[in-house]
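What follows is a single structure, written as structure tokens, with notes after it.
The values are calculated or read from the model by the stated rules, or taken from the named source; none is laboratory data. Fair warning: this is a prediction, and the values are worked out from it, not measured in the lab. Cβ coordinates were reconstructed from backbone atoms using ideal geometry, including for glycine residues, and neighbour counts include every protein chain displayed. Heavy atoms of the whole protein, side chains included, go into the accessibility calculation; ligands, DNA and RNA do not. Shrake-Rupley method; radii C 1.70, N 1.55, O 1.52, S 1.80 Å.
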Amino acid sequence: MDNIENVELIVVGGGPAGLSAALAASDYGIKVVLAEEREFLGGQLIKQTHRFFGSEKEYAGTRGIDILKRLIEDVKNREDIKILASSRVLGIYEDNVVTILNNNKMKKYIPQAIILATGASEKFLAFENNDLPGVFGAGAVQTLMNVYGVLPAKKILMVGSGNIGLIVSYQLLQAGVSVAAVIEAAPKIGGYSVHASKLKRLGIPILTSHTIKKAVGNKKVEGAIICELDNNWQEIKDTEEFIECDAICLSVGLTPLIDLLKQRKVKTVYVSELGGYIPLRDENMETSIMNLFVAGDVSGIEEATAAMIEGQISGLTVAKRINKNQKEEIQRKIEEAKKELVLLRSGPVGEKIRKGLSKIGLNHGENYDESILKEEFDISYLMKTGVPSKENLESKFPKDKKIFDKGPIAISECFQKFPCDPCVKSCPFNAISENGNINNIPYVDFEKCTGCRICVSKCPGLAMFVVHKNYTETSSLITMPYEFLPRPKKGELVNVYDRDGKIICEGKVIKILDSSFQDKTAAVSVEVPKEHFLEARNFKVRYLKHE
Ligand code: SF4
Ligand code: SF4
């Protein structure tokens, strides 16, 4: 056939899953055509200015935008990867022809294998006036702010407390936008507790069991009516409240973009835990159509780290099938990647994913260590409010309070089990341990800790603090992570806040660690009256409003 190019692999989608898939396949000499609809690569990573959780191997502690830079640089250096930007895949047909519209020209390919990494779209919410200008999806808000440098509003109401809702709220605050509140219909916060705690320390209300009833305004959003929900998700009478804001941001979930899969008649099934209709696929990410693979959110909604590993698995599987040599080595790498995924999903926060996968016959990690599956503490109060309970805190403070007298020590305020270890890896004195499993809660060995402050900047959850109780006879020195601009100056007086975001005292900035090593998370040491050494966990420079 004329004008039809035979290729080894077409990867559709240049996000974290697609880039990882292309790289993994090209590692073994597979020639890849990488088609991306937009003019630039990166998918959602392009707006992720926060640091990622997970293990070092999967870029933990690195900001999404920096992960992206590394992936793109790697992809661009590969001769085996041909990048087709601004290229929309129009069809995947039964005769295996793939049509791609590239710069207004139609190209046709016959690939030996296809990996679809088309990602997901945002869900919307039904409420009165939801078509008013000023009602945004979280993805749009992030794109405006982090890609185009445009502020979406002055004061925003965030609807949804999953990781995206919490992270975007924090990024809005960093950009100088006020966040009126984060509301959540479920009785508990959906995202990681450390993200919620960051917001609480900044004084942002997180209202669980609340929903939006109505956007208020004539030509644009001028406010919102919210109300409380009972245990059956029904509105509680007379709980309506007006929230003043000029934008409403919806972060109520994602749904896989499966249009191309449907067109190719891939078998799909509805799995609510994974975001809606997903393709049936096996452990190697192969769908019901042979040599048609998926990776990332199109296969079920999960975190970017999982998407990258799934990309590796699909890319390696294609390589193993096409490549005549190195089959054993490739298989070993596939098994390693699968183990990583199992580990990632093996804690309590992976329960939803495991349940969803079991519905399509993938019993991920049947042999889990039972102790990893359950939370170590009762974190119900923390997950309702974003503030750790007294019991939670006591479990992480030294049992013998005299240890506070020995000098500066690190306090880890991380109470939820999820796969993350930059704190452990960052400590040069091996003073932080997770007891052999990345999902476990980190504990500080106060005997080994020197109070060096390295971990304060390295924790992506901003959950590490260094407390020097006896800085002077009457004062303590608390070192806290700080990610706002402008930075405070040495000697400056600041307002000091507790974990609930309440102002408790005045503090004086004594030291600031803010070099390239801190990677934009400064470690700022603030002197406070000694009676506040257990409560002081945030500060604000006086001329800057965060709420
Ligand atoms: S303060 Fe230094 S020594 Fe202590 S836990 Fe953190 S990194 Fe380790
Ligand atoms: S304390 Fe450790 S495990 Fe918790 S968020 Fe920070 S780096 Fe991750």
Simple SL model, points at 7 angstrom along Cα→Cβ for D514 and N363; separation in nm is 5.5
Residue-span extension gain [S288 to E73] - 0.36 nm each, minus C-alpha spacing
74.1 nm
Residue (of S433, L34, L125) at the positive-pole extreme of the chain, dipole from beta-carbon charges
L34
For K406, give me every one of the aspartates and glutamates with a C-alpha distance below 16 angstrom, ignoring sequence neighbours fewer than eight places off in its own chain.
D445, E447, E473
So who's got an amide H within less than 5 Å of the one on I504, skipping anything under 5 residues away but keeping other chains? H placed 1.01 Å off N, in plane.
V496, Y497, D498
Shape verdict for the range 168-215, please, from the Cα gyration tensor: rounded (a/c under 1.5), prolate (a/b greater than b/c) or oblate.
oblate
Ranked highest first by the average count of other Cβ atoms within 10 Å around their residues, in what order do 234-241, 203-210, 131-138, 375-382 fall?
203-210, 131-138, 375-382, 234-241
Within the range 449-466, whose backbone N sits under 12 Å from a point 7 Å along Cα→Cβ of F429?
449-455
In whole angstrom, how far apart do the alpha carbon centroids of the range 12-71 and the range 328-387 sit?
22
Subtract the Cα-Cα distance of Y443 and K324 from 0.36 nm times their separation in residues, and report this length gain in nm to one decimal.
38.1 nm
Residue-normalised accessible area of the chain, expressed per residue, 1.4 Å probe, Å²:
43
When the Cα centres of the range 274-296 and the range 118-161 are compared, how far apart do they sit, in Å?
29
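Just check the range 287-433 against the gyration tensor rule for me: Cα atoms, a ≥ b ≥ c as the square roots of the eigenvalues, rounded for a/c under 1.5, and otherwise prolate or oblate depending on whether a/b exceeds b/c.
Prolate shape, in that a/c is at least 1.5 and a/b is the bigger ratio.
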Taking the Cα atoms of the chain alone, what are Rg (to one decimal) and Dmax (as a whole number) in Å?
24.4, 86
Rounded to whole Hz, the Karplus (6.51, -1.76, 1.60) HN-Hα couplings of the range 371-385, x for glycine and proline
5, 7, 5, 9, 5, 6, 10, 7, 10, 4, 5, 4, 7, 8, 10
How large are Rg and Dmax for the range 143-236 when only the alpha carbon atoms are used, in Å?
13.6, 41
Leaving out ligands, DNA and RNA, and with a 1.4 Å probe, what % of the accessible surface on the chain is carbon or sulfur?
50
Can you tell me the FRET efficiency between D131 and K108 if r is taken as the Cβ-Cβ distance and R0 is 56 Å, rounded to the nearest 0.05?
0.90
Sequence order, the range 427-434: Karplus ³J(HN,Hα) from phi using 6.51 cos²θ - 1.76 cosθ + 1.60, θ = phi - 60°, Hz rounded, Gly and Pro as x, gives 6, x, 10, 6, 8, 10, 9, 10
Would you kindly derive the ³J(HN,Hα) couplings of the range 386-398 from the backbone phi angles with the Karplus curve 6.51 cos²θ - 1.76 cosθ + 1.60 (θ = phi - 60°), listing them in order in whole Hz, with x for Gly and Pro?
x, 10, x, 6, 4, 5, 4, 5, 4, 5, 10, 7, x
Approximate spin-label separation T450-K123, in nm, with each point projected 7 Å along Cα-to-Cβ:
4.9
Treat the range 1-96 as a sphere of radius equal to its Kirkwood radius over Cα pairs and apply Stokes-Einstein at 20 °C in a medium of 1.002 mPa s; give the translational diffusion coefficient in µm²/s, rounded to a whole number.
150
Which stretch or stretches of the range 453-469 have amide N atoms under 18 Å from the point lying 7 Å from K406's Cα along the Cα→Cβ direction?
453-455, 465-469
